[in-house]
1. Where in segment B:88-205 are there strands (runs of 3 or more DSSP E), lying fully within it, with 2 or more residues that are crowded, with 18+ Cβ neighbours inside 10 Å?
2. Which of the residues spanning segment A:8-30 are more than 14 Å from chain B (Cβ to nearest Cβ) and surrounded by fewer than 23 Cβ atoms within 10 Å (Cβ to Cβ)?
3. For the subset of segment B:655-696 comprising residues that are in contact with a helix residue (DSSP H, G or I) (Cβ under 8 Å, 6 or more places away or on another chain) and modelled with pLDDT under 85, which member is nearest to residue B:618 (Cα to Cα)?
4. Restricting to segment A:37-66, name every residue that is in contact with a strand residue (DSSP E or B) (Cβ under 7 Å, 6 or more places away or on another chain) and at the interface with chain B (Cβ under 8 Å from one of its Cβ atoms).
5. Looking at segment B:248-283 only, could you name the residues that are modelled with pLDDT of 80 or more and either surrounded by fewer than 14 Cβ atoms within 10 Å (Cβ to Cβ) or part of a loop (DSSP other than H, G, I, E, B) (or both)?
6. Exactly one of these conditions fails for residue B:596: (1) part of a helix (DSSP H, G or I); (2) under 21 Å from residue B:650 (Cβ atoms). Give me its number.
7. I need the full set of residues from segment B:77-87 which are within 12 Å of chain A (Cβ to nearest Cβ) and either at pLDDT 65 or above or surrounded by 15 or more Cβ atoms within 10 Å (Cβ to Cβ) (or both), in order please.
């Protein structure tokens, strides 16, 4: 199977956040979602860079919303998962789960 | 807390980070991301403003890599209009395809540039070797060279005597250390074969003064330069590599130099091998006797390391003062002599040579510009022809930038291909020059294709496309340069441009003609020199150079004995005929020039004394070489030191001074000498080594009566040189095991080596001339092709109205011929001027040789007209209807 068919970890996190947020998936919301769920604080440009990459692969689409005052008059950019993206996410998850199947690793309960 | 949302400190996120991020992000991403961050900032600000600011700044800093990645990605997109395919690869593919579609253009322009780049690279590699040569001293700005000067004798780069060096060393305060060295030669024995090696005798301070740490072992210590110290030697890096394979355990071994044992203590670093030092193989301590009385023997190369805080100017003043003191104290030997110091950089690198080389480089650099102009002309013609293709591409949405980029990529392809070929040409040219010059010590031997040379070629090939490709590309893509010109008020840009192109091409024709004339004159001269009758056959005549060290052969009897034995043993080698000795190789070396006083010869008062080439030979020499004994006898065993001095003269000498075949029995003596020689024979002439038509005036004297320690053994051989070289050496060593054997070569080779420099100059000259011819032809082709492309409509109209193809062709050809004719006229004038300059180099023909001055313009005219014919034929082959429809 050619390289690039599986998603990277950060890409998965970003896409899952987008999927969870549904219609409200824009930059700051995605950052917050990731932070809330995982405790990880992502840099805004990294998130956009990942989304930009995913958009080129047609896994997500984006659209520009209306400007709002709390954003200093700037518009939001909303993201949405495409079917191909959902498929890729599922496949990545299956691959990882298949590899985890029946595996126990000593992690000293640190996770 | 002030809740006013418009108050400055509450108005928004920190400015500097915001600005930084905005700067890093591509514009498409600015709005979304800055908006997100501001939203996050505002939300956090309501809790803790400082934390919010920290958060914002951290976000920006952590975003930087991703932001730059985004920018990079988006920039490439812009150019390929959103396609992810690498647009450069696409451009290159397209360029190659479009060049393959017009192979004639691709080949001609590539060859043009390749020649220009090749010649430039070759010259640059020479310039590089000389101009950027590194001095053997580290931190050379604090090293000064001390030289002996004598304004009366016009010496400003003289050496220093040992006694003066010692006194200077004691009196001066400007230098923290000083060193002196001199070139020396030894006979090395005990290591394979005895051989003469050269090296430097250096005083102990050299490592300190030059800051030249040895690569192995140590340098000379204080006291090792005393005459009674234990003998030690350093090897130069090259000698160590060549002879000892770079072995580290060479330290402690002994070398036998001039019969004395020296212990190897170290290896000098490679940077010592600079200019004339590069011949050095070993270094020994320089022994200076304390009370050396002779200050007139000046042979030391003296340098010093400036003490901290002392400037070159201060040192110079002190050195001058000490020099003046020494002249006053020792007037009998130092009168008129002074000492002088200067920064080593200025003194060791030949400024004039540097300037000449840079000038040469500049001149040759102009050639690249001419080549670029030629290619630009062709590109312009091509752009007109491709107008439709480009219009279609523009209509399909190719932006102007994209089109220019595409056209420039094509230019770059041409130029890179040219650089690759040009590099090959440069390597071949350098190799040819080295091969032709037969090991002469000349600059191009040092020329190497190092990183700097490759960088130069690459830089040229990257800049050239901009020079020759930008204007055609701009014009082709619609942003016309002529529009720009018109805006500035010039209504005649096209015509003056055309005139400029014509003048440029005319100048190329003139230059080509002048160069071709010089090349032709030199070729005919060399051909003439080669064709002169030699007087004998040099092909299988082997010569062996033997130079006996005078220290060991002070006595003439010993020399005579050595050569007699050596001749016998060499003659016994299989394949050797009879052997003889000669002091100067005929046709290759001059021999000693002597003025004669001839008994009974009435010398015209206003004429110089008869001057002949005198060489020393043994009996049998004439037979070995093949000179015919026309009168009298050869030298015999009775002609020795105890008998009356005798001589054999060449036919020309006999005819000149003793007309009527009356030479034998007559007498002459060397002007100013006591002794008379009696002529005992007359032999046939040999060719003069110089460029004159007349044979040399040779006088031969007997080795037994004029014993010399440096002679050539000559013999006709019937075997291969490679097979007998070892046996020849064995034969010599069987006489004296410590005697080095010099060059062994055929006389043919020796003769070639003396004239090799002629061939090197000739090769350069022919290369330049051929190159100029190609340039001029390509130039005419380019300018005419462009003219034809500009006049397509007019030509189409004429053809449609029934003009004969031949008439149209003639119209085009005559236009090119006008440029050509003008160029040839100017070129002929220039060539006449040049021929006077090179007259001294020309022999056997007149400097205004009619064959040259008629033949060269004919050749040039024919080639250039042929180049002119291509666009002319193209003009008449155009479909009139198509050309008229095109616009």
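The values are calculated or read from the model by the stated rules, or taken from the named source; none is laboratory data. Worth saying up front: this structure is predicted, and the values here are computed from it rather than measured. Heads up, the Cβs are rebuilt from the backbone with ideal geometry, glycines too, and the neighbour counts pull from every protein chain shown.
1. On the way: elements: B:143-150, B:155-158, B:175-189, B:195-202.
Here the list reads B:143-150, B:175-189, B:195-202.
2. Residues satisfying the conditions are A:9, A:12, A:13, A:16, A:19, A:20, A:22, A:23.
3. Filtering first and then ranking leaves B:696.
4. Scanning segment A:37-66 gives a single hit, A:64.
5. Matches in segment B:248-283: B:248, B:249, B:251, B:252, B:253, B:260, B:261, B:263, B:268, B:269, B:280, B:281.
6. So residue B:596 meets the others, but not (1).
7. Within segment B:77-87, the subset within 12 Å of chain A (Cβ to nearest Cβ) is B:77, B:82-84.
Listed by number, the list holds a single entry, B:77.
Conditions (1) under 33 Å from the mean Cα position of the chain (by Cα); (2) farther than 30 Å from residue B:259 by Cα, marked per residue:
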| site | (1), (2) |
| --- | --- |
| B:507 | yes, yes |
| B:511 | yes, yes |
| B:515 | yes, yes |
| B:518 | yes, yes |
| B:521 | yes, yes |
| B:525 | yes, yes |
| B:533 | no, yes |
| B:556 | no, no |
| B:561 | no, no |
